[in-house]
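For reference, the structure is listed below as structure tokens.
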Amino acid sequence: MKLMKILQGILSLKKVETSYSKGIVAFSFKNISDNYLPHIRHLSKVKTFSEFETEIEYILKYFKPVSVDDLERHVSGKEILTDNCCLLIFEDCIKDTYEAVLPVLIKYKLPAIFFIDPRFINNNEIFYRHKASILVDVLSKNVELVYKLTQRFSVDFWELRNEIFDIIMSVSTHNRSLLDDIARDINFDFDKYLFEYSPYLTNSQIKEMLSYSFNYGISFFNSEEITSISESEIIQNVINSNLHLSSIPSIINLPRLATSNFENLFFNVFKNVDKSVPKIVSGGYKLKDCKNYLGIKKLNMNRSFADITKYSTKKKFIDSFKRGNSELFYITI
């Protein structure tokens, strides 16, 4: 089947000032698990399995989840989707999220899209932001370890104790080696953590995902890194992500900080290559090479459980997603 090209973007606030009570919407989930996750705990909220299932049941009162294929037929005029249709997407999908949501999706026979960073498939390394969360978790449980860091930062214990967590969490892609230095200072082994937790998806789990006819796409955890990735690295990431899979990723999701020039360059990398290369692209701006767009409202479900279920009507529920929790992306063919 011909693949769509998807462009997921953030418009200006003025352009997002439309009613969210009409049209196809996408519900975006992250980080769902009943497990204790040091690599996520200090970065964002983690929803429980029970909270997620209750939210899905609430969504199903008003919406019918559809697949990427349904959207393609809608855009091409082969099928008309009603205003109560929605997408279920799981961004920055880690192993625990996948394992938590899979039973619910199977139970209710729901289509879904999983976005995965191909660099971390099979748990060969840890994303640096996850390293930061792990270190904060370790140090918060054993303050004596902070003593071992006083020499590195040339400050006394009491000053460092108050600042160390901010120092760690403010590490960027440009100085991320500091996290490995800190780990060595306190004798913490990230490789051991990878072995014990295996926080990312494996090839076999992605094959399982495909066996249930879910869509999976490539995304990148970090917005800062994307503009430094070369064309050859982009292609290699695609190749690596489906090295042992029977199907290629159907969507490529660029983070919001990518520039429009980079997105068009990214699009051009694929538009004239072999058909096996993904042709679905998402990002922050309309690509100049694409002409036909279907706008979809993306609603971020990273809010508290109580906030979601208290609304008594569909309109109140959708309109409750303020600017900080709503975005707009486009599907193009």
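Please treat every number below as a calculation from the coordinates, not as lab data. Everything quoted here is computed from the prediction, not taken from an experiment. For neighbour counting, all protein chains shown are included, and Cβ atoms are generated from backbone atoms with ideal geometry for every residue, glycine included.
Taking 29 Å as the limit for the C-alpha separation, the pairs 141/310; 107/207; 30/148; 47/315; 109/310 exceed it in the case of 141/310; 30/148.
Across the stretch 128-196, counting alpha-carbon atoms alone, Rg and Dmax equal 11.4, 35 Å.
So what's the net charge close to residue 64: Lys and Arg +1, Asp and Glu -1, counting the other residues with Cβ under 14 Å from its Cβ? Summing Lys and Arg as +1 and Asp and Glu as -1 gives -1.
Let me check against my output: what whole-number percent is the relative contact order of the stretch 128-196, with C-alpha pairs under 8 Å and at least 6 apart? In percent, rounded to a whole number, it is 40.
Peptides 118-125, 73-80, 25-32: what's the order by average Cβ count within 10 Å, highest mean first?
Numbers: 118-125: 17.2, 73-80: 12.5, 25-32: 22.0.
The densest-packed peptide leads the list: 25-32, 118-125, 73-80.
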